[in-house]
Structures are given as structure tokens and as C-alpha cells.
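Accompanying notes for the structure given below.
The values are calculated or read from the model by the stated rules, or taken from the named source; none is laboratory data. The structure presented is a predicted model; accordingly, all values stated were derived computationally and were not measured. Here the Cβ positions follow ideal geometry from the backbone for every residue, glycine too, while neighbour counts run over all protein chains shown. With ligands, DNA and RNA removed, areas are computed over all heavy atoms of the protein, side chains included. Shrake-Rupley method; radii C 1.70, N 1.55, O 1.52, S 1.80 Å.
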Amino acid sequence: MRHALDEAKLADAAGDIPIGAVVIDAAGDVVGRGHNRRERDADPTAHAELVAIRQAAAARRSWRLDGLSLVVTLEPCTMCAGAAVLARLDRVVYGAVDPKAGAVGSLWDVVRDRRLNHRPEVIAGVLDDECSRSLADWFAARRTAEPG
């Protein structure tokens, strides 16, 4: 999760919401990394998870990412949860819960839907306080900077 938090700082520095993600192998080595790039790339699909998944798939030269885990600072949305399922990731690990758009147990539970042929393991709440604080601080700074 520390690697994902480092990625989140890169998003923050670029003016994007500080969300970071890494894809790791069983030994804990980073195979793919990404941070939110929606603003920078003007791309609604440039979520941290998708950037990391794409990088891991390129490194593996395969869309099948079995044996790997996605680690992300914020609970994935429906798009990213769906990508984790389609990539056949073994597990999804996240920090902060997203009650407004979370699709790994909060608002929806895409990854554990029994109708799908692959269901990654889910580990929630890893460094939750640190992940939540990063997001809360970012949004608070934006609110105080807005003209009143």
C-alpha cells in the first residue's frame, strides 16, 4: 500500500485526485503502477487502477493477470472493479472505502458477483486512515481555495 500511496502523491502533484495503485506479484514486487491521470490526460478512463493494470499487462505481455494483486488507495469504482475481474487478478486490496462509488463492497460488489466467472479475493481497509486522510486533505484544500 505504501507504493500505492506514493503513486497517489504523484497524482496530487499533477493536480489530479490523489489515488494511486500498484499491481504486485506473490513476492510483493511491483509489476505495474499508476495514479489518477484523468485531468492530465483528459481521459475519463485514466483511473489509477486502469493505468496500473495496463502497465502490468504490458509487462506480462498478456491480459491475464492471474497470480497478481491490485493494491489501490481507494475502493475501486464499477469500471475498475470490472477490469480487475476481466484481468483475472487474484485479489483486490484497497485502503479507503468509497461509499459514493465503491464497487468492491460499499455501494456495489462487482468482484464478488456469483454470476461472473472470476471473483478476486478482497482485502479492505489497509492503511485506511492514511488513505482517507490523503483524500480528505486534498478535497479540503480545494474547498478552501474556491472563491466564496
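Is it the case that some residue within region 53-62 is surrounded by fewer than 22 Cβ atoms within 10 Å (Cβ to Cβ), within 26 Å of Asp12 (Cβ to Cβ) and within 15 Å of the chain's Cα centre (by Cα)? Yes - at least one qualifying residue is present in region 53-62.
I need the full set of residues from region 30-84 which are of a type in the set (Gly, Ala, Ser), part of a loop (DSSP other than H, G, I, E, B) and closer than 17 Å to Glu121 by Cβ, in order please. Within region 30-84, Gly67 is the sole residue that qualifies. For region 8-25, a residue qualifies if it is assigned to a helix (DSSP H, G or I) and either closer than 14 Å to Asp128 by Cα or open to solvent by less than 10 Å² (accessible area, probe 1.4 Å) (or both), and the qualifying residues are Ala8, Ala11.
Taking the criterion of being out of contact with any Lys or Arg (no Cβ under 7 Å at 6 or more places or on another chain) and touching a residue at least 40 places away in the same chain (Cβ under 8 Å), the residues of region 22-58 that qualify are Val23, Ile24, Asp25, Ala26, Ala48. Annotation note: of Leu107, Leu86, the sole residue that is open to solvent by 30 Å² or more (accessible area, probe 1.4 Å), more than 21 Å from Asp12 (Cα to Cα) and either acidic (Asp, Glu) or touching a Lys or Arg at 6+ places or on another chain (Cβ under 8 Å) (or both) is Leu107. Search region 111-133 for residues being open to solvent by less than 40 Å² (accessible area, probe 1.4 Å) and touching a Ser or Thr at 6+ places or on another chain (Cβ under 9 Å), and hand back the single one that is farthest from Gly82 (Cα to Cα). The residue in question is Cys131.
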